[in-house]
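S.K.: Have a look at the structure that comes next, please.
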Amino acid sequence: MSTGKMFISHLCFLSLTSVFPLGRASVPVVINTWPFKDAAAAAWSVLRSGGSALDSVEKGCARCEIEHCDGSVGYGGSPDESGETTLDAMIMNGNTMEVGAVADLRRIKNAIGVARAVMELTEHTLLVGESASVFAENMGFIAEDLTTNNSVNIFLQWLKGNCQPNYRKNVFPDPSKTCGPYKPRTILKQKGRTRQANTRSHDTIGMIALDKDGHVAAGTTTNGLTHKVPGRVGDSPIVGAGAYADSSAGAAAATGDGDVMMRFLPSYLAVELMRAGADPSAACKTAISRIKRHYSEFFGAIICANTTGHYAAACNKAPGLSQFHYMVSNSESDIPLLKTVDCF
Ligand SMILES: *[C@@H]1O[C@H](CO)[C@@H](O)[C@H](O)[C@H]1NC(C)=O
Ligand SMILES: *[C@@H]1O[C@H](CO)[C@@H](O)[C@H](O)[C@H]1NC(C)=O
């Protein structure tokens, strides 16, 4: 009995000293996809002043919505096939496992804010389309046109280019009217066809944070795929696909070709692997490998963090993606640092 107790206390002592080696991973920490520095700084300022992981993720993602990071987040970017910009966002509380998400949100700029309102002010998890906008307006969010000169120009260029890409397969193209309407074709011909990699249309921000109390949160916000078929929703607002957080295991967030990635729930998979003992790097890589097995050239990356603030990222080597950049902010440097990982 007494030797058992001694053994346990000795172990505790060992783990305390080895979990916090000098100059390594520390808590709190916030990590986000892509080199979106201002978003990282906004999220970090919440954590460094003692704020919650949830507030950090919301503030960071909202920053990108205001700045429309890379044109892929917030209003005025990625117009769909009818020229309209629509937004998808999600936020997850890793303590309570509550999630709020919106998809195909129209006319409201602060999608992550609406996602948080879904989480905290309703019993629901995901609201979509016109009804999500009505909900947002009822909650005091301002309805505005999300179209800008930039999104109009992107739309006009696409019309001039005969509406390519239009993301359809197995349809009869009409040589005189390449912009549709399209007729379904019964013979499945294009199986295994590689999708066009386009870094500019896949740059969703995904963010994961761990606060000083050990609470984990994750969030995403995006305006989706440029020229998408109206109504298309990607991985970002889907729990376990775009992001996942569990304060007892860690968090992950994915970015890339959402149509493909959402079929594999990569963020959920990575968190479950960390729960089972995988370090963040192995968890990230396995989540990517699982997709790679079926879509060898998919465009995508994932960030992972475990409950001790250790983090990693992984990406699939594909046309247009040989390295992936992400931001890490913790007290080690006190400013967001740009990190790079080589894709495999
Ligand atoms: C948008 O375009 C219109 C007309 O083409 C122009 O009058 C307006 O100043 C532009 N707005 C911005 C913000 O550039
Ligand atoms: C987190 O990952 C690191 C390795 O990167 C590992 O040393 C640490 O023990 C892990 N923490 C937990 C709670 O599993």
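This table checks each residue for (1) within 16 Å of ligand 1 (Cβ to nearest atom); (2) surrounded by fewer than 16 Cβ atoms within 10 Å (Cβ to Cβ); (3) among the hydrophobic types (A, V, I, L, M, F, W, C); (4) more than 28 Å from Val46 (Cβ to Cβ).
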site: Asp259; (1), (2), (3), (4): no, no, no, yes
site: Arg263; (1), (2), (3), (4): no, yes, no, yes
site: Arg275; (1), (2), (3), (4): no, yes, no, no
site: Gly309; (1), (2), (3), (4): no, no, no, no
site: Asn316; (1), (2), (3), (4): no, no, no, yes
site: Val328; (1), (2), (3), (4): no, no, yes, no
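S.K.: Search region 295-307 for residues being in contact with a helix residue (DSSP H, G or I) (Cβ under 8 Å, 6 or more places away or on another chain) and either over 22 Å from Val328 (Cα atoms) or more than 13 Å from ligand 2 (Cβ to nearest atom) (or both), and hand back the single one that is most open to solvent (accessible area, probe 1.4 Å).
M.R.: In this case the residue turns out to be Tyr295.
S.K.: From the list Ser82, Ser78, exactly one residue is at pLDDT below 95, in contact with a Pro (Cβ under 6 Å, 6 or more places away or on another chain) and of a type in the set (S, T, N, Q). Which is it?
M.R.: Testing whether each residue is at pLDDT below 95, in contact with a Pro (Cβ under 6 Å, 6 or more places away or on another chain) and of a type in the set (S, T, N, Q) leaves just Ser82.
S.K.: Sticking with this one: In this structure, is Thr96 β-branched (Val, Ile, Thr) and open to solvent by less than 10 Å² (accessible area, probe 1.4 Å)?
M.R.: no
S.K.: A further question follows. Could you look through region 126-149, keep only residues that are within 16 Å of ligand 1 (Cβ to nearest atom) and open to solvent by less than 80 Å² (accessible area, probe 1.4 Å), and pick out the one that is farthest from Thr85 (Cα to Cα)?
M.R.: Among them, the one singled out is Glu144.
S.K.: Go through (1) of a type outside the set (Asp, Glu); (2) out of contact with any Lys or Arg (no Cβ under 8 Å at 6 or more places or on another chain); (3) closer than 21 Å to Gly231 by Cα one by one and return the number of the condition Ile91 breaks.
M.R.: The number of the failed condition is (2).
S.K.: Separate question: Working carefully through the options Ala245, Ala241, Ala270, Ala283, find the one that is of a type in the set (Gly, Ala, Ser) and assigned to a loop (DSSP other than H, G, I, E, B).
M.R.: Of the residues listed, the single one that is of a type in the set (Gly, Ala, Ser) and assigned to a loop (DSSP other than H, G, I, E, B) is Ala241.
S.K.: Out of the residues in region 225-257 that are among the charged types (D, E, K, R) and touching a strand residue (DSSP E or B) at 6+ places or on another chain (Cβ under 9 Å), which is most open to solvent (accessible area, probe 1.4 Å)?
M.R.: Restricting to residues being among the charged types (D, E, K, R) and touching a strand residue (DSSP E or B) at 6+ places or on another chain (Cβ under 9 Å), the top hit is Arg232.
S.K.: For region 277-291, which positions are open to solvent by 60 Å² or more (accessible area, probe 1.4 Å) and within 22 Å of Ile238 (Cα to Cα)?
M.R.: If the condition is that a residue be open to solvent by 60 Å² or more (accessible area, probe 1.4 Å) and within 22 Å of Ile238 (Cα to Cα), then Lys285, Arg290 are the ones that fit.
S.K.: Then there is this: State all residues of region 200-224 that are over 13 Å from the mean Cα position of the chain (by Cα), open to solvent by less than 50 Å² (accessible area, probe 1.4 Å) and modelled with pLDDT under 90; if no residue qualifies, say none.
M.R.: Ser201
S.K.: Among the residues of region 32-48, write down those that are part of a helix (DSSP H, G or I) and β-branched (Val, Ile, Thr).
M.R.: Val46, the sole residue that qualifies.
S.K.: Looking only at residues in region 63-82 that are part of a helix (DSSP H, G or I) and open to solvent by less than 20 Å² (accessible area, probe 1.4 Å), which one is nearest to Gly113 (Cα to Cα)?
M.R.: Glu65
The values are calculated or read from the model by the stated rules, or taken from the named source; none is laboratory data. Since this is a predicted model, take the numbers as computed values, not measurements. Note: ideal-geometry Cβ built from the backbone for every residue, glycine included; neighbour counts use all protein chains shown. Accessible surface areas use protein heavy atoms only, side chains included; no ligands, DNA or RNA. Shrake-Rupley method; radii C 1.70, N 1.55, O 1.52, S 1.80 Å.
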